[in-house]
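Every number in this text was worked out from the coordinates using simple rules, so none of it is lab data. Quick caveat: nothing in here was measured; it's all calculated off a predicted structure. Backbone-built Cβ (ideal geometry, glycine too); neighbour counts: all protein chains shown.
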Amino acid sequence: MGAYVIKMPDIGEGIAEVELVAWHVKPGDTVAEDQILADVMTDKATVEIPSPVAGTVTTLGGPVGLVMAVGAELIRLEVEGEGNLKAGAAPAAAPAAKPVTAPAAAPVAAVASAPVAAPAATPAPITAKPAAPRAPAQQRRAPDERPIASPAVRRRAWELGIELQFVQGTGPAGRITHEDLEAFAGAPHGAASAGADSRYAARLDEQTIPVLGLRRKIAQKMQQAKRQIPHFTYVEEVDVTELEALRQRLNQQNGKARAKLTLLPFLARAIVIAVREFPQVNARFDDEANVVTRYGAVHIGMAAQTDAGLMVPVIRHAETLDPWACAAEITRLAEAARTGKAGRDELSGSTITITSLGPLGGIVTTPVINHPEVGIVGVNRIVERPMFDRDGRVVPRLLMNLSSSFDHRVVDGMDAALFVQRLRALLETPATLFIE
């Protein structure tokens, strides 16, 4: 028998390190060739690491949450023969990784900084602190009865917001002690100084939730964007009455023969047209090189909420798509993101992003730019409101706000306002979306 060490493979695209997000084996397990050993996450996607050989797991390279460099020891197996640790032999890297078909989620309690022999890869449960034991029922004192307590106890009661009138003392002559305060504060009837008459229970349970995997990547991305990009947000109201009428008419006309149209394909088309006049918005900014790259192609990122967290699949070459083809691509990408089947190519390379919360879109939002892009267009919910028409009559109209953020290092305020106004003009006169 011999030892066989599998190293973290080079996943490509210049990636130097990855985060270990799930183990599929544990020490003592027997694995077959090509069996999946672990899931790791890059900046763009989660990938599976298969075993190049059959053997028995002896040690794991670290706990879930560990950030590992390419070439680091991932796992060690006991195999038939001499293995790959004989004199002069270098440990083998795992075979090429492949995309995970479902998002991995394996929270743990801590993240290590160096490879160690790890226990079984069972996610650590979220722990909750038990509530403090219920104190015995307290009785209200008579209005003229002064509670007995030391100055220190009175000061602490004031800091806790507890009225001593409702606290039963267990000290000599009914004196209230610090322990009495703690018991009262921990009792359900002790909350908010409500006394024994309160029907609302205090909660003292807590949850510790590690930030790992995709959630960690999202946090890092948002922090980087807010730290490096001087955001400014411009909000404009858009009358989408005519657009909604056209959208519904087209959906009724085509039925299921073509993709169902939502607002987003029309907005994507409006962006394609508007960036021809404002190319500085369809760009990416390299902070280190101080270089702005403007793109002729319009690769639109579509922020999509999934069970695993926020993902941004990309509609490539949106300038080549009509509304129906764009709608079909939006549906396909959203499903791929939700099921964890979106590949790295589908989650990278956007030049401008659309973000929408659908009917929960609120009145105004302040979207965070998808770094290293320089602009993001946010869609708020559509509401019906009374408006005056040209003849002075009050008529119902469908109104929606566009909340868009820009990188002020690259996009001037006037240009951003004109860009959004162009979007507004296109959406309010939807026929112009189809005119070249």
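Observations on the structure shown:
- Sites Val211 and Glu288, calculated FRET efficiency, Cβ-Cβ separation with R0 25 Å, nearest 0.05: 0.45
- Listed by chain and number, the aspartates and glutamates whose alpha-carbon sits under 18 Å from that of Lys260, ignoring those within fewer than 8 places in the same chain, are Glu242, Glu244, Asp322, Glu329, Glu335.
- A Förster radius of 22 Å combined with the Cβ-Cβ distance from Arg276 to Glu244 puts the calculated FRET efficiency at roughly 0.30.
- Charged-residue dipole, Cβ positions (Lys, Arg, Asp, Glu), the range 200-271 about Cα centre, Debye nearest 20: 560 debye
- Between the amide H of Arg397 and those of Arg385, Met387, distances stay under 5 Å, these residues lying 5 or more places away or on another chain, with hydrogens modeled in the peptide plane.
- Among Ile354, Ile435, a tally of other beta-carbon atoms within 10 Å of each Cβ gives an order, fewest to most, of Ile435, Ile354.
- Two-site label geometry, Ile148 and Leu85: point separation in nm, points 7 Å out along Cα→Cβ: 7.2 nm
- With a simple spin-label model that places each label point 7 Å from the Cα along the Cα-to-Cβ direction, the separation between Gln305 and Arg156 comes to 4.4 nm.
- Straight-line reach from Lys226: taking Cα to Cα under 17 Å and skipping same-chain neighbours fewer than 8 places apart, the aspartates and glutamates in range are Asp286, Asp287, Glu288, Glu373, Asp407.
- Cβ crowding within 10 Å, taken as a proxy for footprinting-reagent exposure, orders Ile382, Ile11, Ile369, Ile300 from fewest neighbours to most as Ile382, Ile11, Ile369, Ile300.
- Set Lys7/Lys341; Lys7/Lys217; Lys221/Lys256; Lys26/Lys341; Lys221/Lys341 screened for pairs whose C-alpha atoms are more than 28 Å apart: Lys221/Lys256
- Working from label points 7 Å from Cα in the Cα-to-Cβ sense, the Arg381 to Lys226 distance is 2.4 nm.
- Binned Cα-Cα distances of the range 213-434, short to long, each 10 Å bin given as a whole percent: 8, 33, 38, 17, 4, 0
- Added length on full extension, which subtracts the Cα-Cα distance from 0.36 nm per residue, Ile435 to Ile363: 22.9 nm
- Each of Met387, Met302, Met68, Met414 has some number of other Cβ atoms within 10 Å of its Cβ, and from fewest to most they run Met414, Met387, Met68, Met302.
- For the range 58-67, the Karplus equation 6.51 cos²θ - 1.76 cosθ + 1.60, evaluated at θ = phi - 60°, returns couplings of 9, 9, 9, x, x, x, 4, x, 6, 8 Hz by residue, with Gly and Pro reported as x.
- What the phi angles of the range 69-82 give under the Karplus curve with 6.51, -1.76 and 1.60, with θ = phi - 60°, is a coupling list of 7, 4, x, 6, 5, 8, 7, 10, 10, 9, 10, 5, x, 8 Hz, glycine and proline written as x.
- Amide H to amide H distances under 5 Å link Asn380 with Asn401, Ser403, where only residues 5 or more positions off or on other chains count and H is placed in the peptide plane.
- Whether the range 239-278 is rounded, prolate or oblate, judged on the alpha carbon gyration tensor where a/c under 1.5 counts as rounded: oblate
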